[in-house]
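These notes concern the structure reproduced below.
The values are calculated or read from the model by the stated rules, or taken from the named source; none is laboratory data. Every value quoted in this text rests on a predicted model; they were computed, and no experiment measured them. Cβ placement follows ideal geometry from the backbone for every residue including glycine, while neighbour counts extend to all protein chains displayed.
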Protein chains: 2
Amino acid sequence: MTFQTEENKTNFDVPVRLDLQAPIHELIANRRSPRAFSEQPIESAKLLSLFEAARWSPSSANEQPWRFIVATKNDTRVFSSLVESLMEGNRRWAERAPALVLALAQSTYSKTGTAYRHSWYDLGQSVALLSVEATALGLAVHQMGGFDSDKARQLLSIPDGFEPVVAFAVGYPDQPSTLPDDLRKRERAPRSRKLLQDFVYTEEWGKPSSHIQTQNSLLTQPLTN
Amino acid sequence: MTFQTEENKTNFDVPVRLDLQAPIHELIANRRSPRAFSEQPIESAKLLSLFEAARWSPSSANEQPWRFIVATKNDTRVFSSLVESLMEGNRRWAERAPALVLALAQSTYSKTGTAYRHSWYDLGQSVALLSVEATALGLAVHQMGGFDSDKARQLLSIPDGFEPVVAFAVGYPDQPSTLPDDLRKRERAPRSRKLLQDFVYTEEWGKPSSHIQTQNSLLTQPLTN
């Protein structure tokens, strides 16, 4: 039994058909991390909705460790600083996006000053919810760990107590044909993931959970895409 | 300008009306972390869909560092081990949930063996997507940092190289009236968050982004819920 998502409703020649092992909501199935972004600006109202989605993320003791530095093309100085902080491999496609964001995590709990172990974890949740909201609005997010944290800290005057964790580009996806050859190839590559039985366990660490085995006898087959 | 979500469609006396600063998709607005769970089992197919949502999460170099140990009430030994690992404050409500899950993160990149800085961040993303899928299925997830990691490692034979990060309960939410007095009060408390202007910056660290100020002149008012 395999489930497949509907064919991409846009005309983009990007394979979005996923070999699913179980059905999932289209907002999750349609989320992807493109490198080809249209230069079309993001409407101000949509930009707010992205961060509103991040805002309602859960966090340890409701600490809400997330901070975002957002720049559109009109925010010339900050946009340039973000571009300059990116590794060259990301810069070449990301600088075309209409908005760049640096996502930061608070290092300690504000009430106690003790180390906030789940700070990056909680930031990850908020960016994931932001990405789902982006998908709902026809936008897409591409996250990058590849940036110079020290340079970002210096250029953007980031104080101690906050760590730059990821940068991300956000905007309307564009045709892969707008990308350089090597990136176009990666953009069109099928998306792949480990199988459920490789990461969901019950009875024994490293062995597929019985909840998977009983549900789906075909799960021992590899993904075909 | 404030946006409010629709009144809760269920009969639960939980205030789910949020004072939104911008509209967001209902799957994000309706996500919450209840303590009152029904004992109704989770359908096997739905359980799979939860982990399928986690599966398609983005991750650094597509490493997919997430691992899950899942136990329903029928998995007596593993369910008990998970309950036993929880802090008392969580155990009292979480043990009623039909399923408990331990979420773990891989500590190093499998190809290079180097430290995986974004491992917890990426795990956070996958659990957030799982929570969105849960919301879509009428289920709810409540995450807990409050558990004994060493005890979990011992009881569940977790190998080196993987860190238990959060435990979570999942199931159908129930009426808060099923909870002890103190927890019922917390369950009914309004949900609160920092305002957008407190965590979205552009021109200067710590100052509200112009993208917020220009969009919404009322954002200087506190939340009213």
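Is it the case that A:L137 is more than 7 Å from every other protein chain (Cβ to nearest Cβ) and closer than 28 Å to A:A45 by Cβ? Lay out the reasoning, then the answer.
Values: more than 7 Å from every other protein chain (Cβ to nearest Cβ): yes; closer than 28 Å to A:A45 by Cβ: yes.
Against the criterion (more than 7 Å from every other protein chain (Cβ to nearest Cβ) and closer than 28 Å to A:A45 by Cβ), A:L137 qualifies.
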Please work out which residue is nearest to the other protein chains (Cβ to nearest Cβ), limiting yourself to segment B:151-201 and to residues that are assigned to a helix (DSSP H, G or I) and within 30 Å of A:V101 (Cα to Cα). B:L196
What is the number of the single condition among (1) within 9 Å of chain B (Cβ to nearest Cβ); (2) under 17 Å from the mean Cα position of the chain (by Cα) that A:N90 does not meet? (1)
Could you count how many residues in segment A:192-210 are over 18 Å from B:V78 (Cα atoms) and in contact with a helix residue (DSSP H, G or I) (Cβ under 6 Å, 6 or more places away or on another chain)? 2
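Of the residues A:V83, A:V101, which is farther than 27 Å from B:E133 by Cβ and in the same structural domain as A:L137 (by TED's automatic domain parsing)?
Numbers: A:V101 fails: farther than 27 Å from B:E133 by Cβ.
None of the others qualify; the one that does is A:V83.
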Of the conditions (1) in contact (Cβ under 8 Å) with a residue 12 or more places away in the chain; (2) more than 24 Å from A:R186 (Cβ to Cβ); (3) not β-branched (V, I, T), the single one that A:E39 does not satisfy is (2)
Scanning segment B:57-92 residue by residue, those hydroxyl-bearing (S, T, Y) and either outside any helix (DSSP H, G or I) or within 15 Å of A:R193 (Cα to Cα) (or both) turn out to be B:S57, B:S59, B:S60, B:T72
When you scan segment B:66-84, do you find a residue that is more than 8 Å from chain A (Cβ to nearest Cβ) and at positive phi, even just one? no
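Can you go through B:Y116, B:Y109 and tell me which one is surrounded by fewer than 20 Cβ atoms within 10 Å (Cβ to Cβ), farther than 19 Å from A:S209 by Cβ and of a type in the set (F, W, Y)? Steps first, please.
Details: B:Y116 fails: surrounded by fewer than 20 Cβ atoms within 10 Å (Cβ to Cβ).
Matching residue, one of B:Y116, B:Y109: B:Y109.
Filter segment B:30-56 down to residues that are part of a helix (DSSP H, G or I), buried (at least 21 other Cβ atoms within 10 Å of the Cβ) and more than 7 Å from chain A (Cβ to nearest Cβ), then give me how many there are. First the steps, then the outcome.
Kept after step one, since they are part of a helix (DSSP H, G or I), are these residues of segment B:30-56: B:44-55.
Checking which are buried (at least 21 other Cβ atoms within 10 Å of the Cβ) leaves us with B:47-55.
When the remaining residues are screened for being more than 7 Å from chain A (Cβ to nearest Cβ), the result is B:50, B:54.
Total satisfying the criteria: 2.
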Name the pairs: first residue in segment A:172-196 and farther than 16 Å from A:A140 by Cα, second residue among the polar types (S, T, N, Q), Cβ to Cβ under 7 Å, at least 6 apart or on different chains? A:R184/A:S177; A:P190/A:N225; A:R193/B:Q64; A:K194/B:Q64; A:L195/A:Q21; A:L196/A:Q21
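Restricting attention to segment A:95-150, and to residues there that are in a loop (DSSP other than H, G, I, E, B) and small (G, A, S), which single residue is farthest from B:H142 (Cα to Cα)?
If we filter segment A:95-150 for residues that are in a loop (DSSP other than H, G, I, E, B), which is where we start, we get A:95-98, A:107, A:109-114, A:116-118, A:137-139, A:145-146, A:148.
In the following step, the residues that additionally are small (G, A, S) were identified as A:97, A:107, A:110, A:113, A:138, A:145-146.
Values: A:A97: 35, A:S107: 23, A:S110: 23, A:G113: 25, A:G138: 29, A:G145: 28, A:G146: 32 Å.
Looking at the filtered set, the residue picked out is A:A97.
Where residues in segment B:118-134 are in contact with a Phe, Trp or Tyr (Cβ under 8 Å, 6 or more places away or on another chain) and more than 7 Å from chain A (Cβ to nearest Cβ), which of them is farthest from B:R153 (Cα to Cα)? Spell out the reasoning first.
Taking segment B:118-134 first, the residues in contact with a Phe, Trp or Tyr (Cβ under 8 Å, 6 or more places away or on another chain) are B:118, B:120-124, B:126-127, B:129-130.
Right, trim to more than 7 Å from chain A (Cβ to nearest Cβ) and you get B:126, B:130.
Details: B:S126: 21, B:L130: 23 Å.
Ranking the qualifying residues of segment B:118-134, first place goes to B:L130.
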